[in-house]
Amino acid sequence: MSNSDRPLDILNDSRNKRIMIELKNGRQFIGVLKSFDIHINLVLEDAEEHAEGTLKRKIGNVFLRGDTIILISPQ
Amino acid sequence: MSNSDRPLDILNDSRNKRIMIELKNGRQFIGVLKSFDIHINLVLEDAEEHAEGTLKRKIGNVFLRGDTIILISPQ
Amino acid sequence: MSNSDRPLDILNDSRNKRIMIELKNGRQFIGVLKSFDIHINLVLEDAEEHAEGTLKRKIGNVFLRGDTIILISPQ
Amino acid sequence: MSNSDRPLDILNDSRNKRIMIELKNGRQFIGVLKSFDIHINLVLEDAEEHAEGTLKRKIGNVFLRGDTIILISPQ
Amino acid sequence: MSNSDRPLDILNDSRNKRIMIELKNGRQFIGVLKSFDIHINLVLEDAEEHAEGTLKRKIGNVFLRGDTIILISPQ
Amino acid sequence: MSNSDRPLDILNDSRNKRIMIELKNGRQFIGVLKSFDIHINLVLEDAEEHAEGTLKRKIGNVFLRGDTIILISPQ
Amino acid sequence: MSNSDRPLDILNDSRNKRIMIELKNGRQFIGVLKSFDIHINLVLEDAEEHAEGTLKRKIGNVFLRGDTIILISPQ
């Protein structure tokens, strides 16, 4: 990872790459990051919901509201 | 999905199309997106509430407050 | 429903008509919409609280704070 | 009720009159509205806390923080 | 109580007087109001925490964050 | 305590002195206040976490986010 | 620790050093701080999630949303 100055740079570097997202309610999503904004609202492509390490369902394209997100990790 | 720059573009592309919405309290709605704003407040037409994959009730037109929404997925 | 551009239009079209409101804590109110603002604060006339499809109590005029509202549906 | 345009008008019309207030935690207060502001912070005189339709305690003058309020109804 | 126009006037009139404060988590404090601001952050002197009508502990001077407060009542 | 006009004055007077902090989730920290800002974000030095009156662990330097804080009391 | 004036200085001094972070839901992360902003959004490198003092999983690079954070401590 480059020594970037702003946290959102990690999202900018992850465009069109797979990321994992965990929400405040414990749900986990994996998909290709297509877009995000300063509220951390974001859109995933080929999104899947995972639970305890296994695939729970395929969702396709999905908009996730930023204020429900706890963490985002590039895969 | 086009390689859009802003998350709200997915909502703009979904006007007059069916979307699925999940709320923070676990409730799920499916309907035709008629309008939305930057707070993610939105209006659905022909809306239905679903629970565990089955139709729970038909609501017709409904306004959903953006701050209760977790995710939105085009159907 | 007209193909309106803004979600609040559905409230504007519902002035002096009956609407159903559900709150974050699960409570449901039905009444005639008299006024609303951009925070979705609103005032109902002839308001009734309903629970599981039956009338729970008559409240008359009531002010509901917007940040407690999940959904609003014209009746 | 007059056909007012703004929800706060119902509070303005209730100055020096008895109102009932319900909070997000389920508590209910009845008292004479002395003042309010745009955050729905308000002050009641001769306030009483009620629970399940019966008087729980007399409080006298009380300031209630607007963000804890669900509904307000003139008595 | 004077027929004041703004809710914060009740706090202004309570400077150097005893007030009772209840927090969102149910805790209750009694003390002499020394200062407050528009967020309802406030400082009490000779503060005591009470629970179910009895003294729980003496705290001395204490800063309380406004967003945790439900109600304030002059004693 | 001086008859200060602003609640944050009590924090300003507590720089380099021991304060006790309670969080919304019930946790309690004691340490030397090094800095704070208008959001009540603050940094403690020689911080300890206490639970039910006994030392739970030593943390050293710690940044506490203001929106998790309920009360602050000089020791 | 220097007698800094602003709480965020402790984060600035921790760039490229290991920090421990605790979230509102009780989860704990340890990693090298790469960047942060005024919302306390931050990015960790070589991040690990810990639970009750033991390593739970390795995450690598991770973005943590500031509004979920309770405390941050340099290691």
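The values are calculated or read from the model by the stated rules, or taken from the named source; none is laboratory data. The structure displayed is predicted, hence computed values, not measured ones. Positions of Cβ are generated from backbone atoms using ideal geometry, with glycine treated the same way; all protein chains shown enter the neighbour counts. SASA here: full protein model, heavy atoms, side chains in, ligands and nucleic acids out. Shrake-Rupley method; radii C 1.70, N 1.55, O 1.52, S 1.80 Å.
Quick notes on this one:
- Residue-level analysis places G:Asp37 outside the set of residues that are among the acidic types (Asp, Glu) and in contact (Cβ under 8 Å) with a residue 40 or more places away in the chain.
- Scanning region E:30-46 for residues that are more than 8 Å from chain F (Cβ to nearest Cβ), under 20 Å from F:Pro74 (Cα atoms) and of a type outside the set (Val, Ile, Thr) yields a count of 4.
- Pair list, Cβ under 7 Å, 6 or more apart: region C:59-75 residue closer than 27 Å to B:Lys58 by Cβ and touching a residue at least 12 places away in the same chain (Cβ under 8 Å), other residue basic (Lys, Arg) and in a strand (DSSP E or B): C:Gln75/C:Arg18
- Checked against (1) more than 7 Å from every other protein chain (Cβ to nearest Cβ); (2) within 17 Å of G:Ser73 (Cα to Cα); (3) open to solvent by less than 40 Å² (accessible area, probe 1.4 Å), F:Lys58 meets all criteria but (3).
- Scanning region C:28-46 for residues that are surrounded by fewer than 18 Cβ atoms within 10 Å (Cβ to Cβ) and either aliphatic (A, V, I, L, M) or out of contact with any strand residue (DSSP E or B) (no Cβ under 6 Å at 6 or more places or on another chain) (or both) turns up C:Ile30, C:Asp37, C:Ile38, C:His39.
- Here the condition is being at pLDDT 95 or above and more than 10 Å from the chain's Cα centre (by Cα); of C:Glu22, C:Glu48, it holds for C:Glu48 alone.
- Of the criteria (1) open to solvent by 70 Å² or more (accessible area, probe 1.4 Å); (2) in contact with a Lys or Arg (Cβ under 7 Å, 6 or more places away or on another chain), which one D:Ile69 fails: (1)
- Residues considered: E:Pro7, E:Pro74. Of these, the only one that is within 14 Å of chain D (Cβ to nearest Cβ) and open to solvent by less than 10 Å² (accessible area, probe 1.4 Å) is E:Pro7.
- All told, F:Ile21 falls short of being open to solvent by less than 30 Å² (accessible area, probe 1.4 Å) and more than 23 Å from G:Ser14 (Cβ to Cβ).
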